[in-house]
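Visitor: One structure coming up, written as structure tokens, with questions to follow.
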Amino acid sequence: LPRLRGSAVLLLAGAPVALEANVDLKNKRAETHFDASLAPALLTPISQWTHSDLPTLLQLTSPIELHGRLELTDGWHFSRATTRLEAGQLVAQNVPLDRVSAQIDFHGHDLRVTDVTLHQHDNLAIGSYTMDTVTNDYRFLLHGQLRPLEDAAWFAPSWSEFWKKFDFSAAPPSADVDVRGRWGSPEQTDVFVFADAKSPVVRGVPLDRVRAILR
């Protein structure tokens, strides 16, 4: 004393969680390492604790695997959380995904999600997501191959209105996507897309190849 070190293994909503903590009782500091399976049933209590609406934003069919670290500074104030996330089939903001993995770092009011990998049928995208949780400013970068209409729920209705004129049945186009804006202010959203499509059909006309920059 006043320093403690402990470990525990427990079940939360039927899923295993392993914890190892170093605690300084005098200065009210702590560092915790964890390996956890986040069961779907935990989304509701986590949503209540964080004053968010997770069950609406995220629907799980299997647990999310988390491996990371949580730091509390003087007075038990939150300092930093880092974690590696891996998940199977889920629905994120009304977009179904087959598999997701990412590295997450939350420090102060800066959220950084890097090494993002998204699998959806024959769509594959890698990228990053950054957000200022105070201003709600964000930036979303993706590179890979995807059919635009299959992730339309993430964008404004104008996204679907534009892409419904294209048919990418032969193969998903390769693309680079840069989206930046502020949550709650859609008029500030700026979308940049470079696309390279083989054998698309545009307004009913079959073409051999199309390359385009859209903004």
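Visitor: To the nearest 500 deg cm²/dmol, what mean residue ellipticity at 222 nm is calculated for the chain from DSSP H runs of n ≥ 4 alone, each contributing -39,500 (n - 2.57), summed and divided by the residues?
Guide: On the way: 3 runs with 19 residues, N = 215.
Mean residue ellipticity, 222 nm, calculated: -2000 deg cm²/dmol.
Visitor: Something else now. Among Asn94, Asn136, Asn27, which one shows the highest mean-square fluctuation when the chain is modelled as a Gaussian network with alpha-carbon springs under 10 Å?
Guide: Maximum among the listed residues: Asn27.
Visitor: Would you mind calculating the gained length between Asp24 and Val202 on full extension (0.36 nm times residue separation, minus the Cα-Cα distance), in nm to one decimal? Don't jump to the answer; show the numbers that get you there.
Guide: Values: separation 178, 0.36 × 178 = 64.08 nm, distance 6.38 nm.
That works out to 57.7 nm of additional length.
Visitor: Also: For Cα pairs less than 8 Å apart in space and 6+ apart in sequence, what is the mean separation divided by the residue count of region 14-83, i.e. the relative contact order in percent? Before the final figure, lay out each step's value.
Guide: Details: 116 pairs, mean separation 23.6, N = 70.
For region 14-83, the relative contact order is 34 percent.
Visitor: What is the percent carbon and sulfur in the accessible area of the chain, measuring with a 1.4 Å probe over the protein chains and ignoring ligands?
Guide: Numbers: 7400 of 12940 Å².
Roughly 57 percent of what the probe reaches on the chain is carbon or sulfur.
Visitor: Under 8 Å for C-alpha pairs, at least 6 residues apart: give me the relative contact order for region 58-175, rounded to a whole percent. Don't jump to the answer; show the numbers that get you there.
Guide: Details: 242 pairs, mean separation 19.2, N = 118.
Relative contact order of region 58-175: 16 percent.
Visitor: List the lysines whose Cα sits under 18 Å from the Cα of Lys28, skipping any in the same chain fewer than 8 residues away.
Guide: Within the straight-line cut-off, Lys28 pairs with nothing.
Visitor: OK, next. Please turn the phi angles of region 106-123 into ³J(HN,Hα) values with the Karplus equation 6.51 cos²θ - 1.76 cosθ + 1.60 (θ = phi - 60°), one per residue in order, whole Hz, x for glycine and proline.
Guide: Using θ = phi - 60°, the values come out as 10, 9, x, 10, 9, 9, 10, 10, 10, 6, 6, 10, 10, 10, 8, 6, 9, 8 Hz.
Visitor: Top mean-square fluctuation among Leu85, Leu97, Leu43, Gaussian network model of the chain, C-alpha springs under 10 Å?
Guide: Of Leu85, Leu97, Leu43, the Gaussian network model singles out Leu43 as fluctuating most.
Visitor: Hey, another quick one. What FRET efficiency, computed as 1/(1 + (r/R0)^6) with R0 = 30 Å and r the Cβ-Cβ distance, is obtained for Lys165 and Ser128, rounded to the nearest 0.05?
Guide: Values: r = 29 Å, r/R0 = 0.98.
Here the calculated transfer efficiency is 0.55.
Visitor: Next up: Taking each pair of distinct Cα atoms in region 118-215 once, what is the resulting Kirkwood hydrodynamic radius in Å?
Guide: Details: mean 1/r = 0.0702 Å⁻¹.
Computed over region 118-215, the radius equals 14.2 Å.
Visitor: At 1.306 mPa s and 10 °C, plugging the Kirkwood radius over alpha-carbon pairs of region 3-77 into Stokes-Einstein gives what diffusion coefficient in µm²/s? Could you put the intermediate results ahead of the total?
Guide: On the way: Rh = 13.8 Å.
Approximately 115 µm²/s, per Stokes-Einstein.
Visitor: Which lysines does Lys165 reach when only Cα atoms under 18 Å apart count, and residues fewer than 8 places away in its own chain are ignored?
Guide: Lys198
Visitor: Could you give the size of the charge dipole of the chain about its Cα centre, using +1 on the Cβ of each K and R and -1 on the Cβ of each D and E, expressed in debye and rounded to the nearest 20?
Guide: Details: 21 positive and 26 negative charges, 24 e Å.
The dipole of the chain has a size of about 120 debye.
Visitor: Now for a separate question. What are the aspartates and glutamates whose alpha-carbon lies under 18 Å from the alpha-carbon of Lys164, with same-chain residues fewer than 8 places away excluded?
Guide: Within reach: Glu150, Asp151, Asp196.
Visitor: Using the Karplus equation 6.51 cos²θ - 1.76 cosθ + 1.60 (θ = phi - 60°), what ³J(HN,Hα) coupling, rounded to whole Hz, does each residue of region 78-84 give in order, writing x for Gly and Pro?
Guide: Result, rounded to whole Hz: 4, 10, 7, 9, 10, 7, 9.
The values are calculated or read from the model by the stated rules, or taken from the named source; none is laboratory data. Everything numeric in this text was worked out from a predicted model, so none of it was measured. As a convention, Cβ positions derive from the backbone with ideal geometry for all residues, glycine included, and neighbour counts pool all protein chains shown. The accessibility values were calculated without ligands, DNA or RNA, using every heavy atom of the protein model including side chains. Shrake-Rupley method; radii C 1.70, N 1.55, O 1.52, S 1.80 Å.
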